[in-house]
Amino acid sequence: MALMEELQTKVKELQQGRAKWEAKVIEAQTALDRARTGLSVCESEASEASQGVKDAHDRVDQAEAARVKARESAEVSLAALSEARQLVEETKRMYNPLNHPQVKSLLNQR
């Protein structure tokens, strides 16, 4: 009978040990699930950050293209302005009464 009681005690101890082990397994699984969730959130945030960086690079490329176009437009405008100035100077010389052939002739007679 003492052997039977001893076996029953050992069975109870083993059952309690198993219950504690099962509780630890559940805790570990819960912690693992939390870690997976955290990792998923981190991956999502990293993906968003990566997309943000890509978008920023795209905007920089667009800004650079706009800068190049603006520079080209400015160069064209400066060339047109220079040409306009030349035309104004030529027009001034052509229509300056002192440059008129008859006026020059009169001035030279004096």
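The values are calculated or read from the model by the stated rules, or taken from the named source; none is laboratory data. What you are looking at is a predicted structure, and each value in this text was computed from that prediction instead of being measured. Backbone-built Cβ (ideal geometry, glycine too); neighbour counts: all protein chains shown. The area values use the complete protein model at the heavy-atom level, side chains included, leaving out ligands, DNA and RNA. Shrake-Rupley method; radii C 1.70, N 1.55, O 1.52, S 1.80 Å.
Looking at this structure, is Leu81 part of a helix (DSSP H, G or I), modelled with pLDDT of 80 or more and open to solvent by less than 100 Å² (accessible area, probe 1.4 Å)?
Spelling it out, Leu81 is indeed part of a helix (DSSP H, G or I), modelled with pLDDT of 80 or more and open to solvent by less than 100 Å² (accessible area, probe 1.4 Å).
When you look at Lys20, is it open to solvent by 100 Å² or more (accessible area, probe 1.4 Å) and at pLDDT below 95, yes or no?
yes
Tell me which of these Ala65 doesn't satisfy, since it passes every other one: (1) out of contact with any helix residue (DSSP H, G or I) (no Cβ under 6 Å at 6 or more places or on another chain); (2) surrounded by fewer than 10 Cβ atoms within 10 Å (Cβ to Cβ).
Tallying (1) out of contact with any helix residue (DSSP H, G or I) (no Cβ under 6 Å at 6 or more places or on another chain); (2) surrounded by fewer than 10 Cβ atoms within 10 Å (Cβ to Cβ), Ala65 fails exactly one: (2).
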